[in-house]
Amino acid sequence: MKGLYFQQSSTSEEITFVFQERENLPVTEDNYVKLQVKACALSQINTKLLTEMKMEKDFFPVGREVAGIVLDVGSKVSFFQPGDEVAGILPLDSEDPGLCEAVRVHEHYLVHKPEKVAWTEAAGTIRDGVRAYTALHYLSHLSPGKSVLIMDGASALGTIAIQLAHHRGAKVISTACSLEDKQCLERCRPSIARVIDVSNGKAQVAESCLEETGGLGVDIVLDAGVRLYSKDDEPAVKLQLLPHKHDIITLLGVGGHWVTTEENLQLDPPDSHCLYLKGATVAFLNDEVWNLSNVQQGKYLCILKDVMEKLSTGVFRPQLDEPIPLYEAKVTMEVVQKNQGRKKQVVQF
């Protein structure tokens with residue numbers, strides 16, 4: 001059977017995706033489960049993180065967000081049995097690509113999939129569900145009545161984060177990067193308190209948020225990246241669509257929480273002093289934080305279970321693109337890696 005892998009050039013950051021024939025999986029042992037993959041979602045590969053974690057390989061497996069049927073279990077597996085429908089995220093050091101007919105995975109990375117949840121929905125939601133939970137529950141302590149600004153709300157992560165915030169009784173404000181995104185957000189139910197259209201570069205995010213909150217500022221901000229420098233030092237696209245870090249600090253309320261996806265965020269002493277005066281905090285949303293800390297495995301499984309439950313009850317309604325067959329995964333993954341898609345791409349087997 002074939003699996004999709006990527007190879008990174010030694011002279012550049014460009015990566016090449018290739019299908020390779022795989023040997024049959026070994027006999028399932030100990031706490032491992034053999035899984036027949038029914039759907040696998042596609043996400044960008046953080047090659048920089050893999051380098052930092054010293055996980056370089058000649059060929060690295062592609063596809064980690066999977067849903068499928070348990071074919072076989074090891075002797076020490078206690079949570080699953082053959083025939084169970086499950087979903088999960090393969091760990092960073094997995095030797096098997098999710099974009100393959102069958103994989104081996106430790107049982108602690110899987111949870112049961114409710115019967116009424118479609119394979120594509122399970123695979124296409126699980127990672128963004130974990131990210132939304134990490135940002136709004138663990139990093140910013142979301143609670144009823146809080147005001148939340150979710151940047152780029154029509155993105156895959158933004159959609160799930162908005163739905164989670166609504167479910168917890170928060171007042172949601174969001175930004176839209178295009179007219180299509182704006183119309184999509186305005187159709188949300190429950191409705192979003194305010195949609196800020198930043199597509200033309202004229203909207204003032206800070207002013208709009210302060211106006212919506214009566215000058216108090218928002219309690220929680222989940223960004224989709226920020227501008228760190230002056231106009232002359234930023235790429236044109238980034239300059240147009242992303243707020244400056246000073247705007248985020250300005251619109252934060254007293255005791256506010258800023259959750260950022262900007263891994264290289266730089267705060268100058270005046271920025272830190274302003275945050276200090278507000279008693280505000282900054283937290284970093286690292287997609288892989290649960291995979292890098294084994295002591296948090298129990299909390300991680302609770303998140304995975306809750307994501308599946310909210311899918312089954314209709315709280316989470318993901319924005320997925322049309323499912324694609326495995327033979328199109330190589331071309332589609334090239335698009336995803338360049339961040340050129342909007343809806344979540346899912347391969348269906």
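The values are calculated or read from the model by the stated rules, or taken from the named source; none is laboratory data. This structure is a prediction, so every number in the text was calculated from the model and none was measured. When we count neighbours, we look across all protein chains shown, and the Cβ atoms used for this are built from the backbone with ideal geometry, even at glycine. Note: areas computed on protein heavy atoms with side chains; ligands, DNA, RNA excluded. Shrake-Rupley method; radii C 1.70, N 1.55, O 1.52, S 1.80 Å.
Residue-wise test of (1) surrounded by 12 or more Cβ atoms within 10 Å (Cβ to Cβ); (2) of a type outside the set (A, V, I, L, M); (3) not assigned by the TED database to the domain that holds Gln44.
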position: Leu265; (1), (2), (3): yes, no, yes
position: Asp268; (1), (2), (3): no, yes, yes
position: Asp271; (1), (2), (3): yes, yes, yes
position: Lys278; (1), (2), (3): yes, yes, yes
position: Val307; (1), (2), (3): yes, no, no
position: Gly314; (1), (2), (3): no, yes, no
With the checklist (1) open to solvent by 10 Å² or more (accessible area, probe 1.4 Å); (2) in contact (Cβ under 8 Å) with a residue 24 or more places away in the chain in hand, flag the one item Ile160 doesn't pass.
(1)
So for segment 43-55 (the condition being small (Gly, Ala, Ser), open to solvent by 70 Å² or more (accessible area, probe 1.4 Å) and touching a residue at least 24 places away in the same chain (Cβ under 8 Å)), does at least one residue qualify?
no
When every residue in segment 280-297 that is closer than 25 Å to Asn46 by Cβ and more than 17 Å from the chain's Cα centre (by Cα) is compared, the one surrounded by the most Cβ atoms within 10 Å (Cβ to Cβ) is Val282
Specify the residue that is farthest from Pro61 (Cα to Cα); the eligible residues are those in segment 75-88 that are open to solvent by less than 10 Å² (accessible area, probe 1.4 Å) and in contact with a helix residue (DSSP H, G or I) (Cβ under 8 Å, 6 or more places away or on another chain).
Ala87
Of all residues in segment 100-114 being out of contact with any Lys or Arg (no Cβ under 9 Å at 6 or more places or on another chain) and in a loop (DSSP other than H, G, I, E, B), which is least open to solvent (accessible area, probe 1.4 Å)?
Lys113
Which one of these does Ser174 not meet: (1) under 18 Å from Pro318 (Cβ atoms); (2) touching a Phe, Trp or Tyr at 6+ places or on another chain (Cβ under 7 Å); (3) outside any helix (DSSP H, G or I)?
(2)
State whether one or more residues within segment 115-123 are part of a helix (DSSP H, G or I), free of Cβ contacts under 8 Å to residues at least 24 places away in the same chain, buried (at least 19 other Cβ atoms within 10 Å of the Cβ) and in the same structural domain as Lys38 (by the TED database).
no
Within segment 317-334, can one find any residue that is outside any helix (DSSP H, G or I) and of a type in the set (Lys, Arg)?
yes
For Ala41: the one exception among (1) over 21 Å from Met1 (Cα atoms); (2) in contact with a helix residue (DSSP H, G or I) (Cβ under 7 Å, 6 or more places away or on another chain):
(1)
Among the residues of segment 244-256, is any open to solvent by 30 Å² or more (accessible area, probe 1.4 Å) and closer than 30 Å to Val347 by Cβ?
no
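This table checks each residue for (1) part of a strand (DSSP E or B); (2) more than 25 Å from Glu101 (Cα to Cα); (3) not charged (D, E, K, R).
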position: Ala283; (1), (2), (3): yes, yes, yes
position: Asn291; (1), (2), (3): no, no, yes
position: Cys302; (1), (2), (3): no, yes, yes
position: Asp306; (1), (2), (3): no, yes, no
Of the residues Ala224, Ala206, which single one is modelled with pLDDT of 90 or more, surrounded by 16 or more Cβ atoms within 10 Å (Cβ to Cβ) and in a loop (DSSP other than H, G, I, E, B)?
Ala224
Examine segment 61-75 for a residue that is in a loop (DSSP other than H, G, I, E, B), among the charged types (D, E, K, R), within 20 Å of Val336 (Cβ to Cβ) and out of contact with any Phe, Trp or Tyr (no Cβ under 8 Å at 6 or more places or on another chain), and state whether such a residue exists.
yes
Selected residue (only one of Lys330, Lys299, Lys310 is among the basic types (Lys, Arg), modelled with pLDDT under 95 and within 23 Å of Gln348 (Cα to Cα)):
Lys330
Determine which member of the set Lys48, Lys54 is within 26 Å of the chain's Cα centre (by Cα) and at negative phi.
Lys48
Out of the residues in segment 65-114 that are of a type in the set (D, E, K, R) and modelled with pLDDT under 95, which is nearest to Leu311 (Cα to Cα)?
Glu107
Could you check segment 133-154 and list, in sequence order, the residues that are closer than 17 Å to Leu185 by Cβ, part of a loop (DSSP other than H, G, I, E, B) and either open to solvent by less than 20 Å² (accessible area, probe 1.4 Å) or without any contact (Cβ under 8 Å) to a residue 12 or more places away in the chain (or both)?
Met151, Gly153, Ala154
